[in-house]
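Here the structure is laid out as structure tokens; the discussion comes afterwards.
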Amino acid sequence: MSNSSWRGYLYAEVVSVQRLTPHMVRVVFGGPDMANYVPSGAPDECMAVFFPREGEERPPAMTADADGVWWYHGIADQPESRNYSVRRFDRDAGRLVIDFVAHEGGLAATWALEARPGQVLLLAGARSWYDKPEAAEWQLLVADMTGLPSLGRIVEELPAGARAHAIVEVLEPSDVQQFETRGDVTYDWRVGTGNGDSESVLAEAVRGYPLPDGDGYVWFAGEASVTRAVRKYFRKELDYSQERFEIIGYWRAQAERWLEKYKKHESSALAAYNEVIDSGGSEFEADEQYDELLEGVGL
Ligand SMILES: Cc1cc2nc3c(=O)[nH]c(=O)nc-3n(C[C@H](O)[C@H](O)[C@H](O)COP(=O)(O)OP(=O)(O)OC[C@H]3O[C@@H](n4cnc5c(N)ncnc54)[C@H](O)[C@@H]3O)c2cc1C
């Protein structure tokens, strides 16, 4: 739906907070800006969630500079932000739902655990990946707890009879969720592993899943080292073409340690990326080159 008043960002006011499962906090947002939000319609839509700066009640407003993109152009002490999926959006009710994984530490997780009605965040920069080709006869949907909100929405929005298999890794039995769907969905819940607590079993679970005959589509959101391994499996071992999968790193375990090391290799990784683009390659090919370089240095 087009809406000329959509500025590309919105203020989201906390309406209610609920502990959905032991490791998932559901925050329902409302406020007058909800009427202006124009979702992409993709079920894995994600927004950058900005938090108030020290001493402020809400993050500052964004501006649109000469190129018309709404952002914090030229603001040195930009508010902190993290990526979160839009679990549900109901225009009529003026409500937007985000499910936050309740993990140890972390600005966003801590904010969610302490969230109270009336608090205000700013949401901007909507992006999405899920794009199943018409011809795909089945889907494999894989997620850890960070990908679970999007996976739930994908399952809920499946058309009648759509065939899907979901492999999901959660921390404990009561973190398992149930979804209403018109699709024909089977589930493989992996309980007690991954999610920053221990080694993930998702890569192994994907390898162990006998892929159905016919064209399929794979969507996977989870920890970056696991998604990389699974992306390689489909791309290099099974020779899947680009449009048959979206495998996205949603977060990184021990991010601080990774970032420290990344700083030393950032310029060569970016150079590898730009070299592909400059020689006429696609962003997808450039991403692969970038990833290969990082993997080569143990990142
Ligand atoms: C497109 C996209 C959509 C996403 N959607 C969601 C969503 O709907 N719900 C959701 O909960 N997350 C989602 N994420 C993941 C979320 O952005 C990250 O987990 C983010 O790092 C959390 O921020 P934080 O401030 O809590 O922790 P940070 O300050 O980023 O990290 C602090 C520490 O916690 C660790 N850490 C970060 N996330 C986790 C985690 N989930 N489990 C265990 N340890 C962690 C880091 O390695 C670091 O050591 C999404 C990410 C992307 C890219």
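The values are calculated or read from the model by the stated rules, or taken from the named source; none is laboratory data. Computed from a predicted structure; not experimentally measured. Heads up, the Cβs are rebuilt from the backbone with ideal geometry, glycines too, and the neighbour counts pull from every protein chain shown.
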Does segment 237-245 contain at least one residue that is under 21 Å from Gly194 (Cβ atoms), surrounded by 15 or more Cβ atoms within 10 Å (Cβ to Cβ) and not β-branched (Val, Ile, Thr)?
-> yes
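To keep it simple, each residue is scored yes or no on (1) surrounded by fewer than 17 Cβ atoms within 10 Å (Cβ to Cβ); (2) modelled with pLDDT of 95 or more; (3) more than 16 Å from the ligand (Cβ to nearest atom).
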site	(1), (2), (3)
Gly68	yes, no, yes
Glu80	yes, yes, no
Val86	no, yes, no
Asp90	yes, yes, yes
Ala93	yes, yes, yes
Val97	no, yes, no
Phe100	no, yes, no
Leu107	yes, yes, no
Trp111	no, yes, no
Given the conditions (1) surrounded by 19 or more Cβ atoms within 10 Å (Cβ to Cβ); (2) at pLDDT 90 or above, which single one is not true for Gly249?
-> (1)
Search result, residues across segment 149-203 that are surrounded by 15 or more Cβ atoms within 10 Å (Cβ to Cβ) and in a helix (DSSP H, G or I) = Pro149, Ser150, Leu151, Gly152, Arg153, Ile154, Val155, Glu156, Asp175, Leu202, Ala203
Cβ pairs under 7 Å, 6+ apart, first in segment 60-74 and in contact (Cβ under 8 Å) with a residue 12 or more places away in the chain, second of a type in the set (D, E, K, R) = Trp70/Arg7
Residue match in segment 14-32 (condition: under 21 Å from the mean Cα position of the chain (by Cα), touching a residue at least 60 places away in the same chain (Cβ under 8 Å), outside any strand (DSSP E or B) and within 16 Å of the ligand (Cβ to nearest atom)) | yes
Here the residues within segment 45-58 that are farther than 9 Å from Val86 by Cβ and either surrounded by fewer than 22 Cβ atoms within 10 Å (Cβ to Cβ) or touching a helix residue (DSSP H, G or I) at 6+ places or on another chain (Cβ under 6 Å) (or both) are Ala48, Phe51, Pro52, Arg53, Glu54, Gly55, Glu56, Glu57, Arg58
Scan segment 63-92 for residues that are assigned to a loop (DSSP other than H, G, I, E, B) and among the hydroxyl-bearing types (Ser, Thr, Tyr) and jot them down.
-> Tyr72
Consider Ala269 carefully, then state whether it is within 28 Å of Ala166 (Cα to Cα), among the small types (Gly, Ala, Ser) and assigned to a helix (DSSP H, G or I).
-> no
When you go through Tyr11, Tyr37, Tyr72, Tyr84 one by one, which is the residue that is under 25 Å from Val176 (Cβ atoms) and under 22 Å from the mean Cα position of the chain (by Cα)?
-> Tyr84
Which one of these does Ala143 not meet: (1) in the same structural domain as Pro39 (by TED's automatic domain parsing); (2) in contact (Cβ under 8 Å) with a residue 12 or more places away in the chain; (3) within 16 Å of the ligand (Cβ to nearest atom)?
-> (1)
Flagged in segment 204-257 as outside any helix (DSSP H, G or I), within 19 Å of Asp44 (Cα to Cα) and of a type outside the set (Gly, Ala, Ser), in numbering order, are Tyr217, Val218, Trp219, Phe220, Glu223, Phe245, Glu246, Ile247, Ile248, Tyr250, Trp251, Arg252
Can you name every residue in segment 171-214 that is in contact (Cβ under 8 Å) with a residue 60 or more places away in the chain and in contact with a helix residue (DSSP H, G or I) (Cβ under 7 Å, 6 or more places away or on another chain)?
-> Gln177, Leu202, Val206
Scan segment 55-103 residue by residue and report those that are among the basic types (Lys, Arg) and farther than 14 Å from Val120 by Cα.
-> Arg82, Arg87, Arg88, Arg91
Pairs, please: C-beta under 9 Å, at least 6 apart or cross-chain, first residue free of Cβ contacts under 8 Å to residues at least 60 places away in the same chain and polar (S, T, N, Q) and in segment 261-284, second surrounded by 14 or more Cβ atoms within 10 Å (Cβ to Cβ) and in a helix (DSSP H, G or I)?
-> Ser268/Leu293; Asn274/Ala286; Ser282/Val276
When you scan segment 246-257, how many residues do you find that are without any contact (Cβ under 8 Å) to a residue 60 or more places away in the chain and either more than 9 Å from the ligand (Cβ to nearest atom) or farther than 17 Å from Asn195 by Cβ (or both)?
-> 3
